[in-house]
Every structure is written in structure tokens, then in C-alpha cells.
Amino acid sequence: MAETIIVVGHKNPDNDAICAAIGYAELKNILAERDAPGCVYKPARLGQLPPETGWVLGKLGIPVPELIDHVDPGQKVILVDHNELLQAVDGLEDAELLEIIDHHRLADIQTSQPIRVRNEPVGSTATIIAGMYQEHGVMPSANMAGLLAAAILADTVMFKSPTCTKRDIAMAERMARIGGVNIKELGRQLFSTAGGKSVEELVSSDFKEFHIGEQNLGVGQVTCLDSMEMLERKEEFLAVMRRLQEERHYNMVILMLTDVLLEGTQLLYVGSDEAIRNAFSAEPKDNALFLPGVMSRKKQVIPMLSALWG
Ligand code: MN
Ligand code: MN
């Protein structure tokens, strides 16, 4: 009987976590047919599909990976798009970890045996995986190439994120060529899927908690092409954020409306005006502030607050 190896991204998955798992499982299956018959690589996910991922999988006719919540005693596992225990599938300590493919800082996962780890400072795990197809002389199918292009576009915010490298752009362009998709059009479609969501869904879909110094805060981020339109719902956003602040006892709640076309972030917040003024050296008005050039929560917003409170 064939042995099944699970390829899985992080908890609370984003587009890259899911698409990298699909793309890598497919490459491993193609290579297994050649080199190691009897192994079947199966992509999995640890949470709900982000809307843009649902859209792109549907468009390309690629099956949605199975939802799992843990792995058993001995299950062989490959991790993509993370290497941090807190973000990894439950039960990992009982599983056999074979490989990690990632583009985040090296964190805390430990193994008893040597494993393959591939960690590269690029903007998307899909970039590394697309490169691995090339290294192995495997041409991805048109659909898989389209999927990898979409994953690179989403993770690099259409190449505008400070995490984006020349390799991400070159690889996305190559995948788009193979997939026969127009990269600008694909990007526009990916980032306009926020349209039908409620204010609650927009605030909570990519929401992370931070503890900096004595401060507890929650920071949500919505990537969009129409932040001015989103700002028409500002009072609704602030009401949801105030409720979250009360319920979870946050000192501050921030929502980043990151606009790909304006190349900046409309920052909404509830909490101290003083803190925002000092962290970003700019004058907020009515719980809002535009931050030109700010696209990344982890590289730009959190460090400013850490400098203030840390
Ligand atoms: Mn990710
Ligand atoms: Mn990623």
C-alpha cells in the first residue's frame, strides 16, 4: 500500500500556506513516480480557505486540500510556509517531520533526526517551490503554474511588499507565462475578493494579537485596491474595533487598510492618540492616519510600536 505523506502550511492559513502545500505535494508526486514509487503526497490545510484562495482554486479547477486539525503518532509530514511550533499542526511532536520549505525567520521546531530544511529570504514560499520545479526539470501544469503565480502575487501584495525580491517577480512572471494568465488581471481579481465581506469579517479575517511592553493590542490587516471606498465604512469599522477592545481588554486595536494602488496604509485605531502620534511621527485625525509606503504589519507597523513601548 502506498504511504501517504502530508504537506501542510500554518494554522489560520493564508493563500501562500495553502497554495505552497498544493504545489509542493504535486511536485513531490511527480518526482516520486520517477524516484520513489509507493509514496503519495497529500496537501492539507489547518483552517478555512481565505476568500481569494477559494476563488483561485475554483477558477483553476484545483481541488480544495483536506481540512485537518492534527496529525497522529508516526505520520510523515512536510511543513511549508512556517517553521514555528505555535503555528504548526497539533500532534507534530508525535509525527515524523521530513522537510520544511519556508521563507520566515528560523524559529523553534526541533527534530530527533536530520531533515531537509530549505529557508530562503524571498517574498513567498511559492517562489521557492516554483524554483524547485525548475531545478528538477519538471514543467508545472498550466493550472499549477497559475496557482503558484497567484500565491506569489498574494504574499508579496502584487510585488509591493517590502518582503518582495527580484526572484519573486521573475518567478511569478514565469509561472504566469506557463499558466497563460495575465499577471495584472490576476492580481486585480485576487485583491478585489474582499468586496462582499461584512465589516466584522474584514476586521477579523487577518487579525493578530501582540503583547509589547505592558501593552496588549490586536492588529488586523485588509489588503485592498479601494481603501478610499473602504473608508466610507470607517465608523462601522471603529465600532467593531471598540467592541473587540472591550471584550478582549486590549489597550489598542489597529486596523490596517493596506492599499496596493496607493502603496500605503489607511490606519484606523481605537486607543491612545498619543501612542499613534509618537509611533508614526504623524498627526492622526478622528482615529485615522494615512501612512505612505507602509505595506507590512510585521516589518513596518509592529516595529514602530515596539520602538515606542518595547
Ligand atoms: Mn503564510
Ligand atoms: Mn508565505
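The values are calculated or read from the model by the stated rules, or taken from the named source; none is laboratory data. Not measured: the values here are computed from a predicted model. So basically every Cβ, Gly included, is an ideal-geometry build from the backbone, and we count neighbours across all protein chains shown. Please note that ligands, DNA and RNA were not included when accessible areas were found on the heavy atoms of the full protein model with its side chains. Shrake-Rupley method; radii C 1.70, N 1.55, O 1.52, S 1.80 Å.
Here Glu99 clears all of (1) closer than 15 Å to Ala20 by Cβ; (2) within 16 Å of ligand 1 (Cβ to nearest atom) except the condition numbered (2).
Specify the residue that is surrounded by the fewest Cβ atoms within 10 Å (Cβ to Cβ); the eligible residues are those in region 120-135 that are away from ligand 2 (no atom under 16 Å from the Cβ) and not charged (D, E, K, R). Full working, then the answer.
Kept after step one, since they are away from ligand 2 (no atom under 16 Å from the Cβ), are these residues of region 120-135: 133-135.
Then drop every residue that is not not charged (D, E, K, R), which leaves 133-134.
On the way: Tyr133: 24, Gln134: 12.
Ranking the candidates gives Gln134 first.
Go through region 89-119 and count every residue that is surrounded by 15 or more Cβ atoms within 10 Å (Cβ to Cβ), at pLDDT 95 or above and assigned to a loop (DSSP other than H, G, I, E, B). So the answer is 4.
Out of all the residues in region 149-158, is one or more more than 16 Å from ligand 2 (Cβ to nearest atom), surrounded by 22 or more Cβ atoms within 10 Å (Cβ to Cβ) and at pLDDT 95 or above? No, region 149-158 contains no residue that is more than 16 Å from ligand 2 (Cβ to nearest atom), surrounded by 22 or more Cβ atoms within 10 Å (Cβ to Cβ) and at pLDDT 95 or above. Considering every residue within region 286-302, establish whether at least one is closer than 19 Å to His211 by Cβ, buried (at least 18 other Cβ atoms within 10 Å of the Cβ) and free of Cβ contacts under 8 Å to residues at least 24 places away in the same chain. No, that holds for no residue. Of everything in region 120-158 that is outside any helix (DSSP H, G or I) and within 14 Å of ligand 1 (Cβ to nearest atom), the residue that is farthest from Asp81 (Cα to Cα) is Val157.
Tell me which helices (runs of 4 or more DSSP H) are completely within region 168-237 and hold 2 or more residues being open to solvent by 70 Å² or more (accessible area, probe 1.4 Å) and within 20 Å of Gly123 (Cα to Cα), or say none if there are none. Spell out how you get there, then give the answer.
Values: elements: 183-191, 199-204, 227-231.
Answer list for region 168-237: 183-191.
Within the option set Val80, Val40, Val71, being away from ligand 2 (no atom under 16 Å from the Cβ) and open to solvent by less than 50 Å² (accessible area, probe 1.4 Å) holds for one residue only, Val71.
Here is a yes/no grid of residues against (1) surrounded by fewer than 23 Cβ atoms within 10 Å (Cβ to Cβ); (2) more than 26 Å from Glu135 (Cα to Cα); (3) at pLDDT 95 or above:
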site: Glu3; (1), (2), (3): yes, no, no
site: Asn12; (1), (2), (3): yes, yes, no
site: Cys19; (1), (2), (3): no, no, yes
site: Ile30; (1), (2), (3): yes, no, yes
site: Trp55; (1), (2), (3): yes, yes, no
site: Pro63; (1), (2), (3): yes, no, yes
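Val71 fulfils the conditions (1) at pLDDT 95 or above; (2) within 18 Å of the chain's Cα centre (by Cα); (3) away from ligand 1 (no atom under 14 Å from the Cβ) except for a single criterion, (2).
Quick one: which residue in Met144, Met139 is more than 12 Å from ligand 2 (Cβ to nearest atom), modelled with pLDDT of 95 or more and either in contact with a helix residue (DSSP H, G or I) (Cβ under 6 Å, 6 or more places away or on another chain) or under 19 Å from Val40 (Cβ atoms) (or both)?
Values: Met139 fails: either in contact with a helix residue (DSSP H, G or I) (Cβ under 6 Å, 6 or more places away or on another chain) or under 19 Å from Val40 (Cβ atoms) (or both).
After applying the criteria, what remains is Met144.
Taken over region 239-251, the criterion of being among the hydrophobic types (A, V, I, L, M, F, W, C) and surrounded by fewer than 21 Cβ atoms within 10 Å (Cβ to Cβ) is satisfied by Ala239, Leu244.
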